[in-house]
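A quick write-up on the structure given underneath.
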Amino acid sequence: MKKTFYLLLLLGGLSACKGYTKIVNKDSSINLSAETNDSITIHYIGCSGFFIKKGNDAVLIDPYFSNKKTLSFFGGGLTTKSNISDDVKGTINSVFKHVMGDTADRQGLIKALLITHGHIDHYGDVPYLVESRRLNLDTLKIIGSSTTHCYLRGDSIPEKNIIKEIEASSSFEGIEGKWINVSKKIRVMPIISEHAPHLKILGIHINFAFQKHEHESKRYNRWRKYNSGQTLAYLIDFLNIDGSVNFRTYVNSSAEGYPYGFPAAPVLKQHRVDAALFCVASFNNVKNYPEDIIRYLKPRHIIACHWEDFLNHSLPSLKKKPKTVPLTNVKKFFKRLDQVLFDLNLGINYTCPNVNTTLKFLYFNKELPNYRKPKPRKQ
Ligand SMILES: [Zn+2]
């Protein structure tokens, strides 16, 4: 039963993806246990973009829909109402409708927007989503680094919606960190992480964008000028009524090496990670990634992300014909993933969703009110 979720589309004839990995192109269900009484949905947008939704509560991570072509990606700037194309608008409409039931979050379902770092494929569509009122500022809290805060201020996003000084409360080696209580049902733990080099030639690390931190309000006309700032990974807990953890997600948007991206051990003891969303791009530029973080987290399920060629293909074209990200040997990533999961022998499965694909996780929640613990058997 456990593997029934693999309603796989083996994309025959696609040279970039042939033979080594099973891309899930259709909305699918994943059973985390044999008996199930609860569920949550994780929708992969593309890059590190995700909606995580449970009932009337959702978290949005690094939303990037516009998949600019190489020239406008490097030479252009943010997406705004004045420069967005009708095609991208249509894509956003269809994704929002698919996940939220509406082309904008009029009901205020999205309680938190998490931004992992300041690069355009993680931040670049946020100004448009806010100014076009697709995000609901009555309910939304935005969580990102102090550099992200400078960009949000530069884009006139209200201070009341921004959670500040995230770095000070983040989890890192030996520092437990503080949970950010987003709502009664959601809490978020930022984790200090690091941005992988885009290239490594003869041991020299090359980054196409800067890693610096911003200290003042900024809006640039050129993507090149956007700095990553402090890169963050996150733990996202959906909570039961009694405050216990219902479902825990881990997300990183960049390959990372210990201690970066590793939450402090006591946090992990509270609840095992149910779903870990791991970045594929540039994995080969970081030693022992993804092996170390997988061995540390031992998540129940892994979702591979940031694996597709977001630079040269729109989301609809990737949906039809997936292509892998340049400068990364994606085939090798999955070989190494297979190997580490085989070695761990914990029954951990993974999914590589195509862009704009919903995964519904089914699991057992013993905190549900209708659950009765089985009576101990008489001896
Ligand atoms: Zn980046």
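The values are calculated or read from the model by the stated rules, or taken from the named source; none is laboratory data. All values derive from a computational prediction rather than experimental measurement. Every residue, glycine as well, gets a Cβ built from its backbone with ideal geometry; the counts of neighbours run over all protein chains shown.
Which of the residues belonging to region 100-141 are small (Gly, Ala, Ser), out of contact with any helix residue (DSSP H, G or I) (no Cβ under 6 Å at 6 or more places or on another chain) and farther than 16 Å from VAL59 by Cβ?
Matches in region 100-141: GLY101, ALA104, GLY124, SER132.
With the structure loaded, tell me whether GLY49 is buried (at least 20 other Cβ atoms within 10 Å of the Cβ) and touching a Pro at 6+ places or on another chain (Cβ under 8 Å) or whether it fails that test.
In short, yes.
If the Cβ limit is 7 Å and pairs must be 6+ apart or interchain, which residue in region 128-145 that is free of Cβ contacts under 8 Å to residues at least 24 places away in the same chain pairs with which residue that is of a type in the set (Ser, Thr, Tyr) and assigned to a helix (DSSP H, G or I)?
Close Cβ pairs satisfying both conditions: none exist.
Going by the structure shown, is PRO197 on the phi < 0 side of the Ramachandran plot, part of a helix (DSSP H, G or I) and either at pLDDT 95 or above or not β-branched (Val, Ile, Thr) (or both)?
The answer is no for PRO197.
When you go through (1) out of contact with any helix residue (DSSP H, G or I) (no Cβ under 8 Å at 6 or more places or on another chain); (2) of a type in the set (Ser, Thr, Tyr); (3) at pLDDT 95 or above; (4) more than 16 Å from the ligand (Cβ to nearest atom) one by one for SER146, which number turns out not to apply?
It fails just one condition, (1).
Among strands (runs of 3 or more DSSP E) lying entirely in region 56-169, which contain 1 or more residues that are touching a Phe, Trp or Tyr at 6+ places or on another chain (Cβ under 6 Å)?
Counting at least 1 such residues, we get 57-61, 110-114.
Which condition number does ASP57 fail, the rest of (1) closer than 19 Å to LEU311 by Cα; (2) surrounded by 15 or more Cβ atoms within 10 Å (Cβ to Cβ); (3) of a type outside the set (A, V, I, L, M) being met?
Of (1) closer than 19 Å to LEU311 by Cα; (2) surrounded by 15 or more Cβ atoms within 10 Å (Cβ to Cβ); (3) of a type outside the set (A, V, I, L, M), only one is false for ASP57: (1).
Among what's in region 252-296 and is β-branched (Val, Ile, Thr) and within 16 Å of the ligand (Cβ to nearest atom), pick the residue that is modelled with the lowest pLDDT.
Here the residue is VAL286.
Kindly indicate which of SER66, SER94, SER15 is of a type outside the set (Val, Ile, Thr), farther than 16 Å from PRO353 by Cα and modelled with pLDDT of 95 or more.
SER94 is the lone residue from the list that is of a type outside the set (Val, Ile, Thr), farther than 16 Å from PRO353 by Cα and modelled with pLDDT of 95 or more.
Please count how many residues of region 95-126 are in contact (Cβ under 8 Å) with a residue 60 or more places away in the chain and away from the ligand (no atom under 16 Å from the Cβ).
Residues meeting the conditions: 5.
Would you confirm whether or not region 133-153 contains a residue that is among the acidic types (Asp, Glu), touching a Gly at 6+ places or on another chain (Cβ under 9 Å) and farther than 26 Å from ASN181 by Cβ?
No, there is no match, as no residue in region 133-153 is among the acidic types (Asp, Glu), touching a Gly at 6+ places or on another chain (Cβ under 9 Å) and farther than 26 Å from ASN181 by Cβ.
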